[in-house]
Amino acid sequence: MNNTEKIQEVEPSFTNRRKFLKISGLTIVGTGLLLAGCNDDEGNKSSDSQLPGIRNGVFDLGGGDFGVLTYAYALEQLEADFYTKVVDASGFATNFTAVERQLITDLCQHEVIHREFFKTALTGALPNPTIQLLPNLAFTYGTLNFNDRSQVLATAKALEDTGVAAYNGAGRLITNPDYLLLAGKIVSVEARHASAIRSIINPNSKDFAGDDVVNTTTGLDVKKTPSEVLAIAKGFITTPFTALYLP
């Protein structure tokens, strides 16, 4: 089988996965404004002392539900920035097939949707978003070459796996059931992203199932605490911030 035949064999599954990813992303758009209608009186347990904001001259993510949502907003900013750089790279058209480009572009659009969802929702829900909304973050990717297919895919895989583990670990910290439902919707999309990236890296394999990030004893996804995730994410985020009230 030549390379063209291999691509033709793989592309139908990629195409179907792309359609499913697009539908999943649009589902988030439909529910995206729900958070904006909630406030402290409707179930958020954050005390005023733990609201996001400047502490000792540095922005702190805060605690309680708003702290978790601000933490998620920071991660979505990172993923959106990364995929935007991927699709804008000069080598994007030559390093990926047409179907792969469509799929990665969909992932980019999803992450932008997630980022803007959290920005809009927190702006509507925080008591004083002017000083309590996490600012736009700045990022660095070190020696990562965005024109190198292998490096881009390896970084995408690491970010997606970390994102899924982050949502899994943060779920127990959310007290408002509406917020928890939305986090569950988003993590399901992030898990599909991880699967799609694995399929690009190793087509027609079982890698899409991510055996390395599933606990073989419980059959559940790996989870990480905010402190574990932020230790990884801060390798990419150059804007200083703290997370004093998150475990």
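A few remarks follow.
- A simple spin-label model places the labels of LYS234 and ALA154 2.5 nm from each other, with each point 7 Å out along Cα-to-Cβ.
- FRET E, pair SER49, VAL222, Förster distance 35 Å, beta-carbon r, rounded to 0.05: 0.60
- Kirkwood radius, segment 46-135, all distinct C-alpha pairs, inverse of mean reciprocal distance: 14.4 Å.
- Between THR143 and THR120, the simple spin-label model (points 7 angstrom out along Cα→Cβ) gives 4.1 nm.
- GLY53 long-range amide H proximity, modeled H, under 5 Å: ASP60, GLY62
Any read-out appearing in this document is the output of simple, stated calculations on the displayed coordinates, not a laboratory observation. Because the structure is a prediction, the values reported are computed rather than measured. Because the Cβ atoms are built from the backbone with ideal geometry, glycine has one as well, and the counts that use them run over all protein chains shown.
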